[in-house]
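Notes follow the structure.
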Amino acid sequence: MRKILIVDDEEILRMLIADTLEDLDVQIDVAEDGKVALRKLEETNYDLMLLDYMMPELTGMEVLEQLPQLKKDRMPILMLTAKAQESDRKKAMDAGVRSFLPKPFSPLELLRVVEEILSET
């Protein structure tokens, strides 16, 4: 079974994303901030990480910077963010993000993008 890590500081959004993806036959794990995400990444190999750009403690970009040390830099990452400016998108893609989904997003769009990424791996 494929494993997905959802990293977002908004509990309601984590729950919405998990509910949206529950029919995909995947194991879903959640982290409320970047520090928790890094701990989970040390323990588990995920097939996909959905990562918020702006979070307290460690931002999504700071999490991305630490992935090579954990040997997780090949894991597909979908960046979720309210920061939809082109410079932010480019910075995330340059850091290894596979796809970028601006908030707010529709559950159907999220599902489409996640299915597309998982089909490529």
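The values are calculated or read from the model by the stated rules, or taken from the named source; none is laboratory data. In this text the structure is predicted, and so the values were computed from the model without any measurement. Counting neighbours? That spans all protein chains shown, and the Cβs are built from the backbone with ideal geometry, glycine included. The accessibility values were calculated without ligands, DNA or RNA, using every heavy atom of the protein model including side chains. Shrake-Rupley method; radii C 1.70, N 1.55, O 1.52, S 1.80 Å.
Quick rundown of the values:
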| item | result |
| --- | --- |
| Spans of helices (runs of 4 or more DSSP H) in the range 1-109 with at least 3 residues free of Cβ contacts under 8 Å to residues at least 60 places away in the same chain and loosely packed, with under 15 Cβ neighbours inside 10 Å | 11-21, 34-43, 86-94 |
| Residue that is nearest to Lys3 (Cα to Cα), among those in the range 110-121 that are assigned to a helix (DSSP H, G or I) and open to solvent by less than 80 Å² (accessible area, probe 1.4 Å) | Leu118 |
| In the range 21-46, the residues that are under 17 Å from Arg112 (Cβ atoms) and within 14 Å of the chain's Cα centre (by Cα) | Leu21 |
